[in-house]
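Beneath this line is the structure, given in structure tokens, with notes to follow.
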Amino acid sequence: MSKKIKKPSWWEEFKTFAVKGNAMALAVGTIIGGAFGTITKSLTNDIIMPIVNIFLGGTDFANMKIALPRMPWVEQKFEEVTLATGEVVQQPIVNYLTYGNFLAAIINFLILALVVFWLVKGLNKLAESAKKKEEEEAAAEEPAPAEPPAPSAEEVLLTEIRDLLKQK
């Protein structure tokens, strides 16, 4: 009677995937990527955007917005606003299209993409130089090709006979 091979359960397959597969590398990459994203967001918001704002006349990207029109058939909603004088007034609630935040997100993405490009390019160059060095070391370790063995007496005799026949 032959033994039936037990198929691994989905849980065992998952454990193999999670522990031995690329899941751990993916998790580490995601965590580092999240931290790196925070750094690039800070670079964009705290260093680059203030410099860009100088050329925009001091306008902060977060303040770049367009007030959307109110539809006449929709009931207008109001909010209470306290003025500097202490007076409370009712103002209509306005919806804004905040395109400045979107532009800042695009700049943040471009910076992140540029940094990742240079990182990958550098890693590829390192891998290429390591591979080249490995090949050079392997070539240096290979023994020089051995000289072919000297022909036997029989081969020498046959070569002489061939040469004599060619001459006739």
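Brief remarks on what is shown
- Helix 99-141 axis, angle to the chain major axis (alpha carbon atoms, nearest 10°): 10
- Only lysines eight or more places from residue 7 in sequence, or on another chain, were considered; those with a Cα closer than 18 Å are 15.
- In the calculated pair-distance distribution of the stretch 36-111, the portion above 15 angstrom amounts to 67 percent of the Cα-Cα pairs.
- Highest mobility in the GNM of the chain, judged by mean-square fluctuation with C-alpha springs under 10 Å and restricted to 33, 122, 57, is found for 57.
- Computed FRET value (nearest 0.05) for residue 54 with residue 116, which takes r as the C-beta separation and R₀ as 30 Å: 0.65
- Between helix 10-20 and the chain there is an angle of about 80 degrees, using the helix long axis and the longest principal axis of the Cα atoms.
- Label point of residue 136 set 7 angstrom out along Cα-Cβ; within the stretch 111-129, amide nitrogens under 17 Å from it belong to 125-129.
- Using C-alpha pairs under 8 Å with a sequence gap of at least 6, the mean separation divided by the residue count of the stretch 42-168 gives a relative contact order of 20 percent.
- Rounded tilt (10° steps) of 153-167 against the dominant C-alpha axis of the chain: 90
- Over the stretch 95-151, the reciprocal of the mean inverse Cα-Cα separation, the Kirkwood hydrodynamic radius, stands at 16.3 Å.
No value in this document is a laboratory result; all are computed from the given coordinates. Computed from a prediction, not measured in an experiment: that's the story for all the values here. In this analysis, Cβ positions are derived from the backbone assuming ideal geometry, glycine residues included, and neighbour counts consider all displayed protein chains.
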